[in-house]
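Each remark here refers to the structure printed beneath this line.
The values are calculated or read from the model by the stated rules, or taken from the named source; none is laboratory data. Note that the structure is a prediction, hence the values are computed from the model and not measured. Cβ placement follows ideal geometry from the backbone for every residue including glycine, while neighbour counts extend to all protein chains displayed. Just so you know, the surface numbers come from the protein's heavy atoms only, side chains and all, with ligands and any DNA or RNA stripped out. Shrake-Rupley method; radii C 1.70, N 1.55, O 1.52, S 1.80 Å.
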Amino acid sequence: GHYEDAGVVCQSSHSGDPVRLVGGASSLEGRVEIQHNGVWGTVCDDNWSDTDATIVCEQLGFHGAQGFATFGWQFGAGDFNMPILMDEVNCTGAEHYLSDCPFDGWNTHDCSHYEDAGVICQASNFEYPVRLYNGQKSSEGTVEVYDNTQEKWGMICDYLWDLSDANVVCRMLGYEGAIQAPTGSYFGADDIAFYATFISCQGSESQIEDCPGFLIYQQYAGSCQSTRAAGAKCFELTNGPPPIRLIDGETSHDGRVEIYIQDQWGTICDDGWNSIDAEVVC
């Protein structure tokens, strides 16, 4: 019976070097800057391509967005005291982080800041686009929603937030669905201009604004603080192993193991279950 459901506690994980877009008219475009060993620098546009740009968009949380490469400091040159950290970037398209892509090596280049690479991310046509921010991979993070009237990103407050809500967000981003719906700013949250709260999706909606309770509030008008940001962990079906998730743990790194088979989630019996099995899950 379910009294024998297996569980897991995971430790450690990999995270890429942070990136940001600077000098654009919106958060969807700008000069690419990457932080390595605590220092921000630019990327040279030698060999820069749409594939590289798309990886940047993915890392920034715009899953499913098409990235377009720009060249020759279209968004302005970086501070001339700022290092040029990457050159000859040649992403395959399978990477989760720009720093995972092949390139000539940190601080190795034959460029000037007049060759700073840029990116334009072409997001979806949703009235309120969403993205996942600050996760350790592009399929997870704090959920942020874009208000076109303010041209700003805001968070979703975690009141009533659950897996049904996260499922809608994940499907908007092109994933199959959500594995978890973390609360309490699990992935962190920046200072915010506005927030949405009391969202209560059924799970079948095609966009977050269709969910009951969706309403934009200015930050000064309510009590939802940056410690209450909602998050999501998404999954997509591939030809590889079926998705797994951890449920009812104290954090997203522990909990009951569930596996997705034939369009439904199920548990794993703990007969023969050991640390080697748990390591594979992690």
What angle, in degrees between 0 and 90 and rounded to the nearest 10, separates the Cα long axis of helix 163-172 from the longest principal axis of the Cα atoms of the chain?
-> 40
Which is farthest toward the positive dipole end of the chain among 92, 213, 35, measuring Cα position about the Cα centre, with Cβ charges +1 (Lys, Arg) and -1 (Asp, Glu)?
-> 213
The chain, dipole about Cα centre (Lys/Arg Cβ +1, Asp/Glu Cβ -1), debye to the nearest 20 = 600
Please determine, in degrees from 0 to 90 and to the nearest 10, the orientation of helix 50-59 with respect to the longest principal axis defined by the Cα atoms of the chain, where the helix direction is its Cα long axis.
-> 50
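In nm, what is the difference between 0.36 nm times the number of residues separating residue 190 and residue 218 and their Cα-Cα distance? Write down the numbers at each step before the final one.
Details: separation 28, 0.36 × 28 = 10.08 nm, distance 1.49 nm.
Gain on extension, residue 190 to residue 218, equals 8.6 nm.
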Which residues qualify? For residue 179, with a placed amide H closer than 5 Å and at least 5 residues away or on another chain, they are 233, 234, 235
How would 46, 100 line up by accessible area, probe 1.4 Å, largest first?
-> 100, 46
Furthest towards positive pole of dipole, 106, 247, 146, structure part the chain, Cβ charges | 146
Shape box of segment 23-146 [Cα atoms, principal axes, largest first, Å] | 41, 26, 25
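Ratio to report: Rg/Rh of the chain, with Cα atoms as the point set and Rh obtained by the Kirkwood method; give two decimals.
1.00
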Ignoring everything but the protein chains, give the 1.4 Å probe accessible area of residue 152 in square angstrom, nearest 10.
-> 100
Quick one: putting +1 on the C-beta of Lys and Arg, -1 on the C-beta of Asp and Glu, what dipole do you get for segment 1-110 around its Cα centre, in Debye to the nearest 20?
-> 340
Would you list 138, 275 from the most to the least accessible area, probe 1.4 Å?
-> 275, 138
Each label point is 7 Å from the Cα along the Cα-to-Cβ direction; what then is the distance between the points at residue 100 and residue 275, in nm?
-> 2.8
Mind telling me which of 254, 158, 45 comes out most flexible in a GNM of the chain, alpha-carbon contacts under 10 Å?
-> 254
Taking 0.36 nm per intervening residue step and subtracting the Cα-Cα distance, what contour gain separates residue 225 from residue 152 on full extension?
-> 24.6 nm
Which value, in Å² and to the nearest 10, is the accessible area of residue 161 when all protein chains are kept and the probe is 1.4 Å?
-> 20
About its Cα centre, what dipole magnitude does segment 87-181 give when the only charges are +1 on Lys and Arg Cβ and -1 on Asp and Glu Cβ, stated in debye to the nearest 20?
-> 380
For the chain, what is the calculated [θ] at 222 nm in deg cm²/dmol (nearest 500), taking -39500 (n - 2.57) for each run of four or more DSSP H residues and dividing by its residue count?
-> -2500 deg cm²/dmol
Considering only protein heavy atoms, with the full assembly of protein chains and a 1.4 angstrom probe, order 204, 139 by accessible area, largest first.
-> 204, 139
